[in-house]
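This report refers to the structure that appears directly beneath it.
The values are calculated or read from the model by the stated rules, or taken from the named source; none is laboratory data. Bear in mind the structure is a predicted one, so any value in this text is a computation, not a measurement. When we count neighbours, we look across all protein chains shown, and the Cβ atoms used for this are built from the backbone with ideal geometry, even at glycine.
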Amino acid sequence: MRLLFGFLSGLIFGIGLILSGMANPAKVLNFLDIFGTWDPSLAFVMGGASLTAFIGYRLAWRQDRPILMADFDIPSANDIDVKLLSGAALFGIGWGIGGFCPGPAWTALPIAASGTLIFVPAMLIGIWAGRRVKSTSLKTGSV
Amino acid sequence: MLPVTLTDFTPWASLGGGILIGLSAVMVMALFGRIAGIVGITAGAVTQGDRGWRLAFIAGLLAAPVAWLLVTGDFPHQTVSENLPAMAIAGLLVGIGTALGSGCTSGHGVCGLARLSGRSLAAVITFIVFAALTVFVLRHVIGGAI
């Protein structure tokens, strides 16, 4: 059941990314190009997605526990620290160069454009490296 | 960096796609009690004990363009930069940044804003500002030279 519903959740997410235009880097870059060829469509993606999740989460949290797991595991951190902001800034720069964020990059992989075939492995290496930096700095208390 | 390609304003398709993304996030919360952050799911699929549903979720993401092909007769329309060094750098920055910042457009943008997390709001504002600045510099300052 977990595999089936995990797959269906991913499929719906991916179709949403494609339908919305998030999976087309040209559209993402035009959303970000406020002083050029601005295409505000992606504001509707973020709005539709977060409003739907805002309502749906509150319905989901009425359950004692999730349907297929023992408990809810929701982030509890609320500190706005250097790691959060520097990570978000680095991500923003990468997003502005390539037009891909992680979900759309996965959905674009089977289309096999050369840029995607380079982007996804680089992203996976980056995630691995970023997690190492994060855990190292947690131990030493730097950053 | 892509050569500038004009795109149409598509508010209804984008709103519909956004609602599907939100529904998926709600499914992940109601079924698994987890945040539908793509980077968290990707990293968890490799490292964490309960990796089955996460691998299945990624398989679902990969199946989406195939489903699109089966229904519409064509792969989704997209324009991806062919500047491979730039795409390698972009991928590295996206990976490092989202891992260090504990989330991406889905984890902080969709799920975090839905939870009214101040931390996620700060991340979203930061990454959108830096992404817009990057596009501004590449397109309007150095003229899309890379």
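Does the range B:17-28 contain at least one residue that is over 17 Å from the mean Cα position of the chain (by Cα), facing chain A (nearest Cβ under 7 Å), closer than 29 Å to A:P40 by Cβ and of a type in the set (G, A, S)? Scanning the range B:17-28, I find no residue that is over 17 Å from the mean Cα position of the chain (by Cα), facing chain A (nearest Cβ under 7 Å), closer than 29 Å to A:P40 by Cβ and of a type in the set (G, A, S), so the answer is no. Of the residues making up the range A:52-78, those that are surrounded by 12 or more Cβ atoms within 10 Å (Cβ to Cβ), closer than 17 Å to B:C111 by Cα and in contact with a Leu (Cβ under 9 Å, 6 or more places away or on another chain) are A:T52, A:A53, A:F54, A:G56, A:A60, A:P66. Of all the numbered requirements in (1) modelled with pLDDT of 95 or more; (2) of a type in the set (V, I, T); (3) part of a loop (DSSP other than H, G, I, E, B), A:I74 misses one, and that requirement is (1).
Out of the residues in the range B:29-71 that are hydrophobic (A, V, I, L, M, F, W, C) and over 23 Å from A:I18 (Cα atoms), which is nearest to the chain's Cα centre (by Cα)? Residue satisfying both the conditions and the ranking: B:V46.
Does the range B:48-97 hold any residues that are crowded, with 24+ Cβ neighbours inside 10 Å, closer than 19 Å to A:I111 by Cα and either in contact with a Lys or Arg (Cβ under 9 Å, 6 or more places away or on another chain) or among the hydroxyl-bearing types (S, T, Y) (or both), and which are they? Matches in the range B:48-97: B:S81 only. Within the range A:95-105, does at least one residue satisfy the condition of being surrounded by 15 or more Cβ atoms within 10 Å (Cβ to Cβ), more than 7 Å from chain B (Cβ to nearest Cβ), part of a helix (DSSP H, G or I) and in contact with a Phe, Trp or Tyr (Cβ under 8 Å, 6 or more places away or on another chain)? Among the residues of the range A:95-105, at least one is surrounded by 15 or more Cβ atoms within 10 Å (Cβ to Cβ), more than 7 Å from chain B (Cβ to nearest Cβ), part of a helix (DSSP H, G or I) and in contact with a Phe, Trp or Tyr (Cβ under 8 Å, 6 or more places away or on another chain), which makes the answer yes. Evaluating A:V28 against the criteria (1) facing chain B (nearest Cβ under 7 Å); (2) touching a residue at least 24 places away in the same chain (Cβ under 8 Å) leaves one unmet condition, (1).
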